[in-house]
């Protein structure tokens, strides 16, 4: 049981570290709070909440993975290297694609509520 609690502690520490050190993680977290507040105000259905929560989870997880890739690349390649740049850019591209998908899902969910 201690091992499980310790692993959750490490994971929580990683999330806090990413929020504190990564501007984009803070942006995604603030956007999640805003979207959740809007969802509460507009009375989203259960299925709409599932879509919104899934999109938020994907974006935040992608940003955490991007941060991990950046840290590892910086550790193993402190200098400039084309492969280091490619790894970081590719991870960032994954976040961008996920965020674009989340915006599209948000539009599908929120536009009907705002236009009715």
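Specify the angular offset, from 0 to 90 degrees and rounded to the nearest 10, of the alpha carbon long axis of helix 23-42 from the longest principal axis of the alpha carbons in the chain. Tilt of helix 23-42: around 10 degrees.
Taking Cα atoms only, the orientation of helix 82-114 departs from the longest principal axis of the chain by about 10 degrees. The residue 47 and residue 113 beta-carbon pair, evaluated with R₀ = 22 Å, returns a calculated FRET efficiency of approximately 0.95. Computed from Cα positions, the angle between helix 46-76 and the longest principal axis of the chain comes to roughly 10 degrees.
What would the Debye formula give as log10 I(q)/I(0) at q = 0.13 Å⁻¹ for the alpha-carbon point model of segment 24-78, no solvent? Here log10 of I(q) over I(0) equals -0.43.
Each of 1, 65, 25 was scored by other Cβ atoms within 10 Å of its Cβ. Arranged with the fewest first, they read 1, 65, 25. A simple packing score, the average count of other Cβ atoms within 10 Å per residue, orders the peptides 48-56, 29-37 as 48-56, 29-37, with the highest score first.
The average projected area of segment 2-114, computed from the convex hull of its Cα atoms over all directions, is 8.8 nm². The Kirkwood radius of segment 60-114, taken over pairs of alpha-carbon atoms, gives through the Stokes-Einstein law at 37 °C and 0.692 mPa s a diffusion coefficient of 260 µm² s⁻¹. Full extension of the chain segment joining residue 1 with residue 80 gains 24.1 nm, where the gain is 0.36 nm per residue of separation less the Cα-Cα distance. Among 6, 46, sorting on how many other beta-carbon atoms sit within 10 Å of each Cβ, with the fewest leading, yields 46, 6.
Bear in mind these aren't lab numbers, they're just calculated from the coordinates by the rules spelled out. As the structure is a computational prediction, the values presented were derived from the model and not from experiment. Note: ideal-geometry Cβ built from the backbone for every residue, glycine included; neighbour counts use all protein chains shown.
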